[in-house]
Amino acid sequence: MALQHQKLSSFVLTENMDMSRHSSLSTGGRAEYYAEPRSIQDTIHVVEIAYKKGLPITVIGSGTHVLVADDGIPGLVISTAGMKGMSIKGDLIITAPGETLDNLINVAIEHNLIGLEEIAGIPGTIAGAVSVNAVANGRSISDVFFYADYLTANGEIHRRPCFHDYFKKQKSAFKNGEIMISIALRLIPSRKTAEARERKENYVEKMFIPPCRRFSGEIFRDTPFMSAAEAIKKAGLTGKNGRGAEFSEYQPNSIFTYPGCSSGEVYNLIREAEVTVKEKLGIDLERSITLLGNFTD
Ligand SMILES: Cc1cc2nc3c(=O)[nH]c(=O)nc-3n(C[C@H](O)[C@H](O)[C@H](O)COP(=O)(O)OP(=O)(O)OC[C@H]3O[C@@H](n4cnc5c(N)ncnc54)[C@H](O)[C@@H]3O)c2cc1C
């Protein structure tokens, strides 16, 4: 389909955006172009601009699970974190991609819909969570995912339904450049909302998420032999050791950065973990975090 959409201008297209401001690790270079559309029409318009300029598209939510290269990201970065809004139809909650998980769970409970409490406390947007199939306390987004509507780089809108084969733990069901614009989750109707609220608060407390600044989500996927956190701990990789980035003592599969740290240092730490875990434990770690831009060994 040719791109012919009405042009709106309620978003700003920024050149040379400092992407460390849009990554929870607070590292990395600049995006050639950056836009934060607030509506589907705006997103279509942004994609049209990229199409006309021949720019590759990179999509992010709120950047809690990405590592941005120090050389930056060529083309256009679109963040859907500003796309808000939800509606309820029976047991379906249909949400814009930028809603936070926290807000989504609260609104669902207010409308007598439960089933997401276990993942309460995970930072980031619902689209980011669907993209990586976020998991916590034995519950994953794929348990409640019904469909997502997404926009392709050539301006077509498609629907991806809830075939579970699309999801593996923390593996994206979406290709580069496919932008989720609307997501439907099927929840469980229930009047036990007070209990659900309490359960949610308990999970938030249990998870004890540290402040998101300078912190990443899980770097590696769990292995068939042991969790990635266990492997990193067993390989003796946690702690600062005089570097700008470290695997957290508290959450060994997450990286914490210190001011002045570069993405190159984070990447080197990730590579070191892969090599050390292979040498010491014979296990191949698979990355979960999304690398944006070019990284070389
Ligand atoms: C302190 C901390 C704790 C965390 N704990 C957990 C945890 O317990 N469990 C867990 O699973 N995760 C955890 N995470 C990781 C992270 O919070 C989740 O993966 C979150 O859902 C990512 O959302 P985001 O909006 O920040 O996505 P981003 O980091 O911005 O993006 C993540 C991926 O989603 C894709 N994406 C984002 N928006 C769209 C869109 N609209 N269309 C298509 N693709 C899109 C991006 O391309 C990228 O590949 C944690 C992170 C932090 C910082």
Can you run down the residue pairs with Cβ atoms below 7 Å, 6 or more apart or on separate chains, where the first is in region 135-149 and farther than 19 Å from residue 94 by Cα and the partner is away from the ligand (no atom under 11 Å from the Cβ)? none
Residue among 123, 74, 161 that alone is more than 8 Å from the ligand (Cβ to nearest atom), open to solvent by 20 Å² or more (accessible area, probe 1.4 Å) and modelled with pLDDT under 95: 161
May I ask you to list the residues in region 247-265 that are closer than 18 Å to residue 18 by Cα and touching a Leu at 6+ places or on another chain (Cβ under 6 Å)? 257, 263
Just checking, how many residues over region 273-297 are closer than 30 Å to residue 206 by Cα and either in a loop (DSSP other than H, G, I, E, B) or more than 16 Å from the ligand (Cβ to nearest atom) (or both)? 10
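Can you pull out every residue in region 88-104 that is within 13 Å of the ligand (Cβ to nearest atom) and open to solvent by less than 30 Å² (accessible area, probe 1.4 Å)? Outline the logic, then answer.
Of the residues in region 88-104, the ones within 13 Å of the ligand (Cβ to nearest atom) are 95-104.
Result: 95, 96, 97, 98, 99, 101, 104.
One line per residue, one yes/no per condition, for (1) β-branched (Val, Ile, Thr); (2) more than 30 Å from residue 74 (Cα to Cα):
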| position | (1), (2) |
| --- | --- |
| 219 | yes, no |
| 237 | no, yes |
| 246 | no, no |
| 258 | no, no |
| 263 | no, no |
| 279 | no, yes |
| 283 | yes, yes |
| 292 | no, no |
Pairs please, first residue from region 250-265 and outside the structural domain of residue 28 (by TED's automatic domain parsing) and open to solvent by less than 20 Å² (accessible area, probe 1.4 Å), second anywhere and away from the ligand (no atom under 13 Å from the Cβ) and small (Gly, Ala, Ser), Cβ atoms under 6 Å, 6+ apart in sequence or on different chains. 255/245; 257/245; 261/244; 261/245; 263/69
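I'd like the residue in region 18-36 that is among the aliphatic types (A, V, I, L, M) and outside any strand (DSSP E or B) and, out of all such residues, is nearest to residue 214 (Cα to Cα). Walk me through how you get there before you give the answer.
Of all residues in region 18-36, those among the aliphatic types (A, V, I, L, M) come to 19, 25, 31, 35.
Going one step further and asking which of them are outside any strand (DSSP E or B), we end up with 19, 25.
Values: 19: 13, 25: 4 Å.
Ranking the candidates gives 25 first.
The values are calculated or read from the model by the stated rules, or taken from the named source; none is laboratory data. Since the model is a prediction, treat every value here as computed from it, not as a measurement. Every residue, glycine among them, receives a Cβ derived from its backbone with ideal geometry; neighbour counts consider all protein chains shown. Ligands, DNA and RNA are stripped out before the accessible areas are found, and what is left, the full protein with its side chains, is counted by its heavy atoms. Shrake-Rupley method; radii C 1.70, N 1.55, O 1.52, S 1.80 Å.
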